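Take a look at the structure set out below.
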Amino acid sequence: MITIEAVSKRFAGPKGEPVDALTPVDLTIPAGQFLSIVGPSGCGKSTLLRIIAGLETPSDGKLTIAATGVARPIGFVFQEPVLLPWLSTLANIRFPLDTGGVPRAEADATAHRLIKMVGLQGFEDALPHQLSGGMRQRAAIARALSYDPPILLMDEPFGALDLLTRDRMNDELLQIWRATKKTIVFVTHSVEEAAYLSDRVVVMSARPGRVRAIHDVDLPHPRGEATKLDPRFHQFMATFRRELK
Amino acid sequence: MNAPIRALLSLAGFVLLWWGAVWGFSIPAFLLPSPGAVIDRLVFLAINAELWRHTTTTLGQILGGFVIGALLGIGTGAAFARLPRLERLFTPVILLVQTAPKIAIAPLLILWLGLGPGPKIVLVAIVTFFPAMTGALTGFRYIAKAYRDLAQIVGLTTWQRLTRIDLPFAVPPIVAGLRVATTQAVTAAVVAEMMGANRGLGYLLTAGQESSDSPAVIGVIVILSLTGWGFYELVRFAEAKLIPWRSKA
Ligand SMILES: Nc1ncnc2c1ncn2[C@@H]1O[C@H](COP(=O)(O)OP(=O)(O)OP(=O)(O)O)[C@@H](O)[C@H]1O
Ligand SMILES: [Mg+2]
């Protein structure tokens, strides 16, 4: 469970003036929930995610993460792929396992399984500069999944993918989520993606960054083609879109 | 047309021009000898004056000084990147030594260390030190924040971050620094030899000048150019091997 109590973040702007990236946010994310955050550019989505990850300290408020007995509780898919340019696709995906002391054979098996899942077969030995932007992003997703963290934070992970691959990755992600019961916090610009994937959607607005509304998306699971035909799915999308204006 | 053939053709053209100029303008041999005269002279020196031994002496000094300077420079750069206070403390001294003309340091080194290989190696190490240090400082200091975040998320230890992320990222600027250092290293070795030595290519240059032996002087210059060039290409080769994602990008 992730508990965010009155967490805010203030940065120093270009001229040293304070910038409120995030005005106090209260949010409780139960274990196993799929939560999406939508909002216009600059409203503090990445900032909130980075605070949850411990990459940024809140200016005020309190963050509690209950993930018992795991060495590395958090997987993070950054907005950019952040692959190591001298490592092959396989070695990049295996990187957290290698540095975490997982035996080579086991790490290889996991990495190969993930490569298949994200559709990068045949590119195991390619260096990042030999991959397309979308392929790099998929490798980064596989890397975040490699050590099976109970909490997965994803910052616009599918933004660089074509629609078809994006749909496929959405379904893969839902399948992983169902199978592993991970807590997932997912940042996206797509209201459709948010409605399709999530248990709960947080809509944010900008300047200053704040939570505008929170919705429980009680569409039935498992989600699939039928979900996209459900009138309520379209109602959710329309609501989010309206609130984003 | 591939690179070696192009280089060969370009060189052949240059030699041809040289020949043509000597022939066409009847330049006296004591000013500009023909390529043939230079080669003859080099062959003579090789047989009678241990040209090979002079060459290996200079090469050894360049290589020894280069390795020492590179290692010290990389270590210092890495330390400075981690400890900015240390850098601020030493920067004035380093700048002072760096801005002093290296030719001016050579006589002092010879006074201190004598006519042997010592002062040459030290001078080469000094000129190699600065570009190596600057490269390492840049490389270790400016690692993109995103990679520090990655290191934190996947829980790398300090040592793992140093060896698995910081060091590989520092390689390109370090190698770039070393590339700059190669030409300076050759110059430094020769300058130190010209100021006081009893062997080496720099010593041959001085001896050739004193006896107005222009074919020998030009011949030694050619050997030195080839040495510098080969050295530079060696570092470039290492660069391509070490940084495949750069050379192909
Ligand atoms: N390190 C920083 N220093 C100063 N200001 C920052 C910093 N990081 C973010 N900001 C500011 O905080 C605000 C929120 O940024 P954030 O990256 O969280 O937005 P975002 O919602 O993720 O936007 P996008 O959808 O474009 O990724 C912006 O106004 C940004 O300029
Ligand atoms: Mg963002």
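The values are calculated or read from the model by the stated rules, or taken from the named source; none is laboratory data. For clarity, every value in this text was computed on a predicted model and none was experimentally measured. Glycine also receives a Cβ, built like all others from the backbone with ideal geometry; neighbour counts cover every protein chain displayed. When the accessible area is computed, the model is the full protein with side chains, heavy atoms only, and any ligands, DNA or RNA have been set aside. Shrake-Rupley method; radii C 1.70, N 1.55, O 1.52, S 1.80 Å.
One table, with the values for the structure above:
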{"read-out": "Cleavage-rule hits, trypsin sites (Lys or Arg not before Pro), segment A:127-211, DSSP coil, Cβ neighbours within 10 Å at most 12", "value": "A:Lys181"}
{"read-out": "Counted charge near A:Gly134, where neighbours are those whose Cβ lies closer than 12 Å (Asp, Glu -1; Lys, Arg +1)", "value": "+3"}
{"read-out": "Per-residue average of Cβ from other chains inside 10 Å of A:52-58", "value": "2"}
{"read-out": "Percent antiparallel among DSSP beta bridges (both partners in the protein assembly as shown, rounded to 5)", "value": "50"}
{"read-out": "Kyte-Doolittle at least -1.0, axis length at least 18 Å by Cα - qualifying DSSP helices, chain B", "value": "B:3-24, B:35-48, B:51-82, B:84-99, B:118-141, B:167-195, B:214-242"}
{"read-out": "Check: the protein assembly as shown dipole with +1 on Lys, Arg Cβ and -1 on Asp, Glu Cβ, in debye", "value": "540"}
{"read-out": "Spatially proximal lysines relative to B:Lys102 (Cα-Cα < 19 Å; intrachain offsets below 8 disregarded)", "value": "B:Lys120"}
{"read-out": "Exposed-loop-free span, longest in chain B, where chymotrypsin sites (Phe, Trp or Tyr not before Pro) count as exposed if DSSP calls them loop and at most 11 other C-beta atoms lie within 10 Å", "value": "B:31-249"}
{"read-out": "Listed residues A:Phe78, A:Ser41, A:Ile141: farthest to the positive end of the dipole of chain A (Cβ charges)", "value": "A:Ser41"}
{"read-out": "Sites B:Ala37 and B:Ala7, calculated FRET efficiency, Cβ-Cβ separation with R0 22 Å, nearest 0.05", "value": "0.35"}
{"read-out": "Estimated FRET transfer efficiency when R0 is 41 angstrom, pair A:Leu229-A:Glu124 (beta carbons, to 0.05)", "value": "0.60"}
{"read-out": "Pairs of Cα atoms farther than 29 Å apart, chain B, %", "value": "45"}
{"read-out": "Other protein chain Cβ atoms within 10 Å, averaged over every residue that makes up B:99-110", "value": "0"}
{"read-out": "Unit charges at the beta carbon, dipole of segment B:35-247: most positive-side option, B:Thr157, B:Leu109, B:Thr182", "value": "B:Thr157"}
{"read-out": "Neighbour net charge for B:Leu108 - beta-carbon separation under 15 angstrom, K R +1, D E -1", "value": "+2"}
{"read-out": "Debye log10 I(q)/I(0) at q = 0.12, 0.20, 0.23, 0.27 Å⁻¹ for segment A:83-148, Cα point scatterers", "value": "-0.23, -0.65, -0.87, -1.20"}
{"read-out": "Between A and B, accessible area buried - total, square angstrom, nearest 100, 1.4 angstrom probe", "value": "1800"}
{"read-out": "Range of Cα positions in the protein assembly as shown per principal axis (Å), largest first", "value": "99, 51, 45"}
{"read-out": "Portion, in percent, of the accessible area of segment A:83-148 that falls on carbon or sulfur, probe 1.4 Å", "value": "50"}
{"read-out": "Reach of A:Lys245 by Cα under 26 Å, taken over lysines that are not fewer than 8 positions away in the same chain", "value": "A:Lys9, A:Lys45, A:Lys228"}
